[in-house]
Each structure stands twice: as C-alpha cells, then as structure tokens.
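Below is one structure, written out as structure tokens, with a few remarks after it.
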Amino acid sequence: MTFYEVGQDVVRGTYYDKVVKGFADAAYKFKQGVTISPTSAWTNYFYRGSTGVLAGNTTTGATAKLEKGIPRGADFPQASISWERVTSVISKYGLEENIPWEDIISNEIDVETRTLMKIGEGVAKAVDDDIWDALTESRSVTNIQSVTIAAGYEWNATSSAVISNLLEAKQKIAEYNYPIDNLMCFVSPAGYKDMITYLADKGAQFPSIATEVATNGNVGKLVGINIIVSNSVTASYAAVVVPKRCATWKELVALSTDTKEDKFKSKTYRAVELGITQLTDPKCVVLIKNTDAA
C-alpha cells in the first residue's frame with residue numbers, strides 16, 4: 001500500500017485539476033456561441049446600442065431622405081445612436097464531493113476520477129443553463145426576436161416545416177443587418193430527433209444534415225446553420241443565434257478546482273467558476289417557440 005506525503009499535494013492537485021477541466025470543456029455547449037471576456041469586477045456594465053440603420057433626423061413636413069442629395073456647402077443631417085446601460089452581477093457556480101479514505105484505497109472503480117468528471121460536468125451544465133436562459137430571456141421575449149410555430153405545424157407533427165422555421169429565423173436576423181453565414185441553432189435532443197425524422201420523411205429532394213465530427217454538441221449543418229444539441233435547451237424551444245456576436249460570457253474566474261485531504265479519513269474535491277452572461281446584441285437571437293406538439 002502506498003501512502004502519500006504532504007509534499008506531494010501540489011502534484012496531485014495539478015493532476016486532478018486537469019481531469020476536471022478536460023472533461024468539463026467538452027461538456028460546455030453554449031460557450032462556443034458567445035464571446036469569452038475576462039473581468040476583475042463583481043459588478044459589470046455594458047451598453048446596448050440601437051439596432052436600426054441610422055437615418056438623418058427629419059424636419060417637420062420633410063418627406064425626402066435627408067442623407068441623400070445634400071446641397072453644396074450645406075450642413076449634414078444628424079444621426080444619433082441611442083444607448084442603454086445594462087448592469088450584470090457575477091454569479092458563482094460550484095460543486096464538491098467528499099470521498100471517504102476507505103473508498104479511495106479499496107474501491108474496484110476509479111472513484112476519484114469519476115467523481116471529478118461528474119463535478120466538472122455539473123458545473124459546465126450550470127453555466128450552460130445560465131447562458132441559455134440569458135440568450136432566450138428565460139423564454140419571456142422582450143428584446144430578442146421570436147418565431148412561433150402554429151398548432152399542427154410543430155416539428156414532430158405531420159405538417160411540420162422545420163426548414164421554413166429556420167429560414168424565417170435567419171431572415172429576422174438578416175433584417176437587422178447581422179451576418180447570417182455562420183449561424184448556430186441550439187436544440188434539445190428531442191428537437192434534433194424531430195429534425196432528422198422530418199428530413200427522412202420528406203425524401204431525397206430535401207437537404208440532409210451535413211455530417212461532420214460531433215464536438216461540443218455540434219451534429220452538422222442544415223440550410224447553412226450549425227445544429228448544436230444540448231440538454232440545457234428547454235422542451236419545445238430552439239434558438240438561432242449569431243455566434244460570438246449575440247452575447248458575452250464575462251468571466252471573473254475560469255473553471256478551477258481544488259483537493260483537500262483529511263489524512264486517513266477523506267478527500268474533498270471542489271470545482272468552481274465565476275461569471276455572468278451579457279446579452280449584448282439581442283436581435284442576434286431568435287427564439288423558436290412550440291417546436292413540440294403537446
């Protein structure tokens with residue numbers, strides 16, 4: 001039997017830290033859709049600018065576009081952006097587990113590694129849940145855009161129109177002059193199943209989901225939109241976003257871990273992350289409602 005000395009704590013801590021991070025990074029689904037930005041403050045502010053195309057201020061009774069046909073030497077029409085200051089406060093995410101010493105030295109399974117993996121997965125899932133809620137305004141649409149699927153046209157209904165719904169979301173984003181060449185659509189596992197079933201039922205004349213290596217929930221493309229499968233997506237919803245542009249994950253502390261040993265009694269494993277999602281460009285997000293028939 002091997003016993004470890006106090007001087008080896010740093011070595012073990014570094015090893016376990018890599019185990020948690022390596023597993024959790026693969027579990028994050030929504031971080032690839034936002035910009036990661038570090039911060040050193042607990043309370044953070046950002047500004048949302050008006051999303052419409054700027055136009056010159058018109059005078060009473062004016063009908064022409066003032067930005068066109070400016071007379072020689074005349075003043076330019078003024079075009080002003082309106083700004084909204086938004087406050088965001090850092091949230092703390094974390095999990096821990098205490099494993100008895102006897103379990104560590106005698107169990108047939110690698111209880112330490114498996115525990116660390118599940119702790120990392122839990123923290124990643126909590127962060128993904130927060131990003132999903134922030135992007136979709138907790139499904140209470142105020143600033144973002146939305147597409148509501150009518151009864152009888154849900155993705156698991158006979159008359160479903162998955163492609164039309166995705167293209168409508170794409171159209172709404174384009175109408176606000178955002179790029180639409182690399183959009184992401186976050187769907188639940190059930191929503192993805194309905195997509196595949198819809199395409200299979202429609203036959204060879206319809207496009208198929210382009211196959212590629214499945215990483216971080218990415219299962220391929222449909223009508224030019226990357227499809228991301230995540231359990232954080234609420235049932236009967238999906239969301240199409242402009243990745244990186246739509247929101248920022250303000251990171252105070254990246255995923256970090258620690259181990260603490262009570263000699264011959266137990267070990268405690270802990271993982272933590274501090275950050276908050278800032279919905280900087282809400283018109284980059286289109287919430288698709290009622291994807292599943294009740």
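Structure above, values below:
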{"item": "Matching residues in region 169-185 - criterion: being outside any loop (DSSP other than H, G, I, E, B) and crowded, with 17+ Cβ neighbours inside 10 Å", "result": "A169, K170, K172, I173, M184, C185"}
{"item": "Residue satisfying all of: in region 11-33; assigned to a helix (DSSP H, G or I) and within 13 Å of the chain's Cα centre (by Cα); modelled with the lowest pLDDT among these", "result": "A27"}
{"item": "Qualifying position, being surrounded by 20 or more Cβ atoms within 10 Å (Cβ to Cβ), more than 16 Å from the chain's Cα centre (by Cα) and either free of Cβ contacts under 8 Å to residues at least 60 places away in the same chain or over 30 Å from V19 (Cβ atoms) (or both), among D201, D194", "result": "D194"}
{"item": "Qualifying residue in region 168-176 (condition: more than 30 Å from D258 (Cβ to Cβ), small (G, A, S) and without any contact (Cβ under 8 Å) to a residue 60 or more places away in the chain)", "result": "yes"}
{"item": "Qualifying residue in region 261-272 (condition: touching a Gly at 6+ places or on another chain (Cβ under 8 Å), part of a strand (DSSP E or B) and under 28 Å from N143 (Cβ atoms))", "result": "no"}
{"item": "Evaluation of I209 against (1) within 15 Å of K29 (Cα to Cα); (2) in contact with a Gly (Cβ under 6 Å, 6 or more places away or on another chain); (3) free of Cβ contacts under 8 Å to residues at least 60 places away in the same chain (one fails), failing number", "result": "(1)"}
{"item": "Single unsatisfied condition, S40 versus (1) at pLDDT 75 or above; (2) assigned to a helix (DSSP H, G or I)", "result": "(2)"}
{"item": "Selection status of K265, surrounded by fewer than 17 Cβ atoms within 10 Å (Cβ to Cβ), among the charged types (D, E, K, R) and either modelled with pLDDT under 95 or over 30 Å from Y47 (Cβ atoms) (or both)", "result": "yes"}
{"item": "Verdict on I173 being at pLDDT 95 or above, over 26 Å from A24 (Cα atoms) and touching a Pro at 6+ places or on another chain (Cβ under 8 Å)", "result": "no"}
{"item": "Boolean, K250 is surrounded by 15 or more Cβ atoms within 10 Å (Cβ to Cβ) and not polar (S, T, N, Q)", "result": "yes"}
{"item": "Complete set of residues in region 134-150 that are crowded, with 17+ Cβ neighbours inside 10 Å and assigned to a helix (DSSP H, G or I)", "result": "A134, L135"}
{"item": "Scope region 77-104; condition loosely packed, with under 14 Cβ neighbours inside 10 Å and over 18 Å from T43 (Cβ atoms); matching residues", "result": "Q78, A79, S80, I81, S82, W83, N98, E102"}
{"item": "Residues located in region 73-97, provided they are β-branched (V, I, T) and assigned to a strand (DSSP E or B)", "result": "V86, T87, V89"}
{"item": "Verdict on S188 being in contact with a strand residue (DSSP E or B) (Cβ under 6 Å, 6 or more places away or on another chain), polar (S, T, N, Q) and at pLDDT 95 or above", "result": "no"}
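The values are calculated or read from the model by the stated rules, or taken from the named source; none is laboratory data. All values reported here derive from a predicted model rather than from experimental measurement. Positions of Cβ are generated from backbone atoms using ideal geometry, with glycine treated the same way; all protein chains shown enter the neighbour counts.
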